[in-house]
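Structure record follows, encoded as structure tokens.
The values are calculated or read from the model by the stated rules, or taken from the named source; none is laboratory data. A quick note: this is a predicted structure, and the numbers were derived from the prediction, not measured. Every residue, glycine among them, receives a Cβ derived from its backbone with ideal geometry; neighbour counts consider all protein chains shown.
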Amino acid sequence: MKLSSSAILALFLLFSFYFFSCKPKDENQQVFIDKAELAPRHLRVIWTENPSTSAIISWTTLHEHGKVHRVFYDSLRRGGEKRNYVSQVSASKNGAISMVDEDLKEGVPQGYYHHADLTNLKPSTKYYFVVESDDLVSDEFYFITGPEDDRVISLLWGGDSRMGGPEPRYAGRTPHVDRQEMNKRIKSLMDEDPNILGFIHGADYGTTADWRHLFWWFEDHEIVIGEGNRLLPLIISRGNHDMQIGFEENFWLGDTQRKRGFDYYFATQFGSKTAILTLNTEISVAGDQRDWLEENLSNKRKENRWLLVNYHRPAYPVVKDFENATFKRVRDTWVPYFEKYNVDLALESDGHILKRTVPIRNNKYDETGIVYIGEGGLGVPQRVADSTRWFIQPPGFAMSAHNVHKLTFSREMIQIKAFGMDGEVLDQFEVKPRNLN
């Protein structure tokens, strides 16, 4: 049957709507999809305060909004047959992802976000799950909940994945070659060490948090899917390139956001002796956040062997202006509390470099002080440090290199290793307990 010109036009428009989407990436990013690939995608697990008993499952759909969005889950592998899973929960938050004119010009498809809260989970347990949006069901994935005891665990940490490639693509276009290579490194580390339970992200995911940037971040993040379809839960922080509403739509923190809106600061408890406080440098660092910080530092220090802080803008930048108000306010407002409660390690991003400071107390070298590491190398083009800054003189250092850190927590030490894009160890050191507990 011969098609009319109007029918041909309609088919062309339908094809165009689905252009620029893709399945999990190899190094050559594919941009064509067929109808079968409209099933749920961008599956991710988010952790907030209690990773041993709760998690948020989030995903994207690229078709119409739909009516039924659910997670089916179990502590046993069920092969993707949703009727065989013992538990299910409906998504608590769904909606259309906001689009701006630049998103439309870039050609990314309209997306819809879905977030489901999983509660009353068992610690140190594999949970297998599928997500369903109407009649479209994902493959089966799994993640491992955090422990409730004092066992050895590892976490990955890094920041600034917002662009990549041999020529920086500031509009956010693919291919993000360097980001993809760092995601491959993260996957390799996870596959090699089953004790790696989660990933702490230091923020700046895309050039902005508009959909044309987050869409490709989620596409590239599918590289991190591990052996057996394992997902590495994310601990989310917010940076200066994450301020658009798309960040709030796509990174939902469940009860943490229900309690405090979109402030994006919270305390995560790993087992019985490790706590990590995620802070937000993109809102007031004083006022409510400072009060929350002091209260939680005080409480968590009493209970934990290891106490860390993670935030985006550095107190001790090695690239940007040390006296700039952006960094000075962090240094003046938060660092006195870090030192009062003897934080064991500070995780900083934003500068696009690899650094480790000397131990610092009262703005000078002090062996009892705090080491600050960072400043972000998950694919963003690297910068050059100001080598004259006192806090990166030996035993501190700084270098231009993509990097991701592995933090291993035991009774005896935190072992810190920074890995480069090719798997080489760029830095390693240990932090001993302060014997405060």
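To keep it simple, each residue is scored yes or no on (1) hydroxyl-bearing (Ser, Thr, Tyr); (2) crowded, with 16+ Cβ neighbours inside 10 Å; (3) touching an Asp or Glu at 6+ places or on another chain (Cβ under 6 Å).
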{"site": "Leu118", "(1), (2), (3)": "no, yes, no"}
{"site": "Leu121", "(1), (2), (3)": "no, yes, no"}
{"site": "Val130", "(1), (2), (3)": "no, yes, yes"}
{"site": "Asp135", "(1), (2), (3)": "no, no, no"}
{"site": "Glu140", "(1), (2), (3)": "no, yes, no"}
{"site": "Pro147", "(1), (2), (3)": "no, yes, no"}
{"site": "Val152", "(1), (2), (3)": "no, no, no"}
{"site": "Asp160", "(1), (2), (3)": "no, yes, yes"}
Problem - Top-ranked residue in the stretch 364-386 [being assigned to a strand (DSSP E or B) and touching a helix residue (DSSP H, G or I) at 6+ places or on another chain (Cβ under 9 Å); ranked as nearest to Ile186 (Cα to Cα)] - result: Tyr372
Practice task
Filter the stretch 71-123 down to residues that are among the charged types (D, E, K, R), closer than 18 Å to Leu136 by Cβ, touching a Phe, Trp or Tyr at 6+ places or on another chain (Cβ under 7 Å) and not in a loop (DSSP other than H, G, I, E, B), then give me how many there are.
Solution key: 1
Problem - Tally of residues being over 30 Å from Thr208 (Cα atoms), part of a strand (DSSP E or B) and either β-branched (Val, Ile, Thr) or touching a residue at least 24 places away in the same chain (Cβ under 8 Å) (or both) across the stretch 344-363 - result: 1
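Return the only residue of Arg238, Arg258 being touching a helix residue (DSSP H, G or I) at 6+ places or on another chain (Cβ under 8 Å) and of a type in the set (D, E, K, R).
Values: Arg258 fails: touching a helix residue (DSSP H, G or I) at 6+ places or on another chain (Cβ under 8 Å).
Result of the check over Arg238, Arg258: Arg238.
Report, by residue number, each residue of the stretch 289-319 that is assigned to a helix (DSSP H, G or I) and over 30 Å from Gln393 (Cβ atoms). Break it down stepwise before answering.
Here is the first cut: in the stretch 289-319, the residues assigned to a helix (DSSP H, G or I) are 289-303.
If the condition is that a residue be assigned to a helix (DSSP H, G or I) and over 30 Å from Gln393 (Cβ atoms), then Gln289, Arg290, Asp291, Trp292, Glu294, Glu295, Asn296, Ser298, Asn299, Lys300, Lys302, Glu303 are the ones that fit.
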Handout entry: Filter result for Glu348 (charged (D, E, K, R), out of contact with any helix residue (DSSP H, G or I) (no Cβ under 6 Å at 6 or more places or on another chain) and surrounded by fewer than 24 Cβ atoms within 10 Å (Cβ to Cβ))
Key = no
Problem - the stretch 403-437, residues that are of a type in the set (S, T, N, Q), modelled with pLDDT of 95 or more and either closer than 22 Å to Glu367 by Cβ or surrounded by fewer than 16 Cβ atoms within 10 Å (Cβ to Cβ) (or both) - result: Ser410, Gln415, Gln428
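Does Lys259 count as in a helix (DSSP H, G or I), at pLDDT below 95 and surrounded by fewer than 21 Cβ atoms within 10 Å (Cβ to Cβ)? Before the answer, list the steps.
Working: in a helix (DSSP H, G or I): yes; at pLDDT below 95: yes; surrounded by fewer than 21 Cβ atoms within 10 Å (Cβ to Cβ): yes.
Yes; evaluated as a whole, the condition is true for this residue.
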